[in-house]
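Notes to accompany the following structure.
The values are calculated or read from the model by the stated rules, or taken from the named source; none is laboratory data. The structure presented is a predicted model; accordingly, all values stated were derived computationally and were not measured. Here Cβ is always computed from backbone atoms with ideal geometry, including for glycine, and neighbour counts include all displayed protein chains. The area values use the complete protein model at the heavy-atom level, side chains included, leaving out ligands, DNA and RNA. Shrake-Rupley method; radii C 1.70, N 1.55, O 1.52, S 1.80 Å.
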Amino acid sequence: MATGGGKKSVLKFDSEDDVAVALAKYTADLSAKFIGSKNSFTVVLSGGSLIDTMRKLVEAPYKESVDWSKWRIFWVDERVVPLDNPDSNYLLAFNGFLSKVPIPSENIYAINDKKTPEAAADDYEARLRQLVESEILPLSPTGFPKFDLMLLGMGPDGHVASLFPNRPQRHEKERWVTFITDSPKPPPSRITFTFPVINSASENAMVITGVELANMVNIALGDGVPPGGVPPPCTEVSAEDELTWFLDKDSASKLS
């Protein structure tokens, strides 16, 4: 069940490259807006193809227009593997994005990769609560941390973050961060933000490219019928202010 009460926009582009350009402008504009209003910009990343689609943000003219010193980076989900493991979302973001911009290292919140999945989730939630207590992160009206922007992807099964169909984590309503040890997509152990936290963000962007996601896009936004009649997790995403879907021609190919 979506909890945010904001608007929803669906943007369609001719190519993945056009999506990358539009995403860079969107993110740079939000960075300027939030830094101008509160002197910081809290950004939550997912893994997968999203990081590559962010590539234009670290190129001219956007790279020079952003005050990177005011950014704080978090992960909506993370595989519980060493941070230098190829499966790590942190490593993916570092190689593709973070190593190219001067975000202070203390503003980058990777998981503690020495802990078990349950302990890593507890630790990440405790760190978020410390940021709330320090007034670095505000609380939403629903009592969950309110990030400025989450950049999200989606799987062919409709999963978002590590909230999968047929797994109980998608229904968690109390915790901020939870864990999974039987992910249907390897690796099996992960931590993930819960939907109340995702939907408390000011802005959420669903960045979806590729024909393999067209069926699920049609289920989420069109007239597609979900498998077994159960709506997939991607249909639960909302935002406090606005949810924006960024689609290329391939991913939008089954929408009318």
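A Förster distance of 30 Å, applied to the separation of the beta-carbon atoms of Ser134 and Arg167, puts the FRET efficiency at 0.40. Loop-resident GluC sites (Glu not before Pro) (DSSP state other than H, G, I, E or B) in the range 137-215 with no more than 10 further Cβ atoms inside 10 Å of their Cβ: Glu174.
Each part reduced to its alpha carbon centroid, the range 1-52 and the range 211-244 end up 18 Å apart.
Pro156 sits among other residues whose Cβ lies under 14 Å from its own Cβ, and their net charge, with Lys and Arg +1 and Asp and Glu -1, is -1.
Take the solvent-accessible surface of the protein heavy atoms, probe 1.4 Å, and return the percent of it on the chain that carbon and sulfur atoms account for. Here carbon and sulfur together make up 52 percent of the probe-accessible area.
Using the structure shown, select from Lys8/Lys249; Lys100/Lys185; Lys33/Lys146; Lys100/Lys146; Lys7/Lys185 the pairs with a Cα to Cα distance greater than 23 angstrom.
Check vs 23 Å cut-off fails for Lys100/Lys185; Lys100/Lys146; Lys7/Lys185.
Projecting the Cα positions of Ala119, Gly6, Pro231 onto the charge dipole of the chain (unit charges on Cβ atoms of Lys, Arg, Asp and Glu, taken about the Cα centre) puts Gly6 furthest along the positive direction. The packing ranking of peptides 229-241, 91-103, highest mean first, is 229-241, 91-103, where packing means the average number of other beta carbon atoms within 10 angstrom of each residue.
Each residue was assigned an accessible area with a 1.4 Å probe, and for Ile136 the value is about 60 Å². Kirkwood analysis of the chain, using all unique Cα-Cα pairs, places the hydrodynamic radius at 18.2 Å.
Glu174 to Thr142: extension gain in nm, 0.36 nm per residue of separation minus the Cα-Cα distance?
Here the segment from Glu174 to Thr142 would lengthen by 10.4 nm.
Looking at the range 1-103, the GluC sites (Glu not before Pro) that sit in a DSSP loop and have at most 16 other Cβ atoms within 10 Å of their own Cβ are Glu59. Once the 1.4 Å probe is applied to the protein heavy atoms, the chain comes out at 42 Å² accessible per residue.
For the range 38-118, what Kirkwood radius comes out of the mean inverse Cα-Cα distance, in Å? Present the calculation step by step, with values, prior to reporting the outcome.
Details: mean 1/r = 0.0750 Å⁻¹.
Answer for the range 38-118: a Kirkwood hydrodynamic radius of 13.3 Å.
Could you compute the net charge surrounding Pro141? Neighbours are other residues with a C-beta less than 13 Å from the C-beta of Pro141; K and R count +1, D and E count -1. Summing Lys/Arg as +1 and Asp/Glu as -1 gives -1.
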